[in-house]
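Engineer: Can you keep this structure in mind? I'll have questions shortly.
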Amino acid sequence: PAERRRYERNLREQQRSYKISQQIKELRDVLSESNVPFKPNKYSILLSVVDYIKQLQARAIMLDAEHQKLITT
């Protein structure tokens, strides 16, 4: 029973770790497709994604402001 619980816990942890790795791989692919420079390690990928999201948010705000300006003229 204890061995089985440990085995199941290890299996769940392996699945969790695999899912995290797959998500980071997906983020790496997004950065590559967007020509965003990054180092190929998990930490750098996550930092680069945060910066990229901030850039996209700033751009969206700017484009919304331009759109509103065009509507009013």
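The values are calculated or read from the model by the stated rules, or taken from the named source; none is laboratory data. These numbers come from a predicted model, not from an experiment. In this analysis, Cβ positions are derived from the backbone assuming ideal geometry, glycine residues included, and neighbour counts consider all displayed protein chains. We work out accessible area using only protein heavy atoms, side chains counted, and drop any ligands, DNA or RNA first. Shrake-Rupley method; radii C 1.70, N 1.55, O 1.52, S 1.80 Å.
Engineer: For segment 36-73, enumerate the residues that are β-branched (Val, Ile, Thr) and over 29 Å from Gln23 (Cβ atoms).
Structural biologist: The first filter runs over segment 36-73 and keeps only residues β-branched (Val, Ile, Thr), leaving 36, 45, 49-50, 53, 61, 71-73.
Scanning segment 36-73 gives Ile71, Thr72, Thr73.
Engineer: Suppose we filter Leu31, Leu11, Leu56, Leu46 for residues that are of a type in the set (A, V, I, L, M) and in contact with a Pro (Cβ under 9 Å, 6 or more places away or on another chain); which single one remains?
Structural biologist: On the way: Leu11 fails: in contact with a Pro (Cβ under 9 Å, 6 or more places away or on another chain); Leu56 fails: in contact with a Pro (Cβ under 9 Å, 6 or more places away or on another chain); Leu46 fails: in contact with a Pro (Cβ under 9 Å, 6 or more places away or on another chain).
Exactly one residue qualifies, and that residue is Leu31.
Engineer: Turning to a different aspect of this structure: List the number of the failed condition for Lys19; all other conditions in (1) outside any helix (DSSP H, G or I); (2) on the phi < 0 side of the Ramachandran plot hold.
Structural biologist: (1)
Engineer: Can I ask one more? Between a residue in segment 1-30 that is within 17 Å of Val50 (Cα to Cα) and any residue that is part of a helix (DSSP H, G or I), which pairs come within a Cβ distance under 7 Å, given they are 6 or more apart or on different chains?
Structural biologist: The qualifying pairs are Ile24/Lys42; Ile24/Ile45; Leu27/Ile45; Leu27/Val49; Arg28/Ile45.
Engineer: Of all residues in segment 1-14, which are open to solvent by 100 Å² or more (accessible area, probe 1.4 Å) and assigned to a helix (DSSP H, G or I)? Show your work before the answer.
Structural biologist: Our first condition is that a residue be open to solvent by 100 Å² or more (accessible area, probe 1.4 Å); within segment 1-14, this holds for 1, 3-7, 9, 12, 14.
Answer for segment 1-14, where residues must be open to solvent by 100 Å² or more (accessible area, probe 1.4 Å) and assigned to a helix (DSSP H, G or I): Glu3, Arg4, Arg5, Arg6, Tyr7, Arg9, Arg12, Gln14.
Engineer: Identify, by number, the condition in (1) in a helix (DSSP H, G or I); (2) open to solvent by 100 Å² or more (accessible area, probe 1.4 Å); (3) charged (D, E, K, R) that Lys39 doesn't meet.
Structural biologist: (1)
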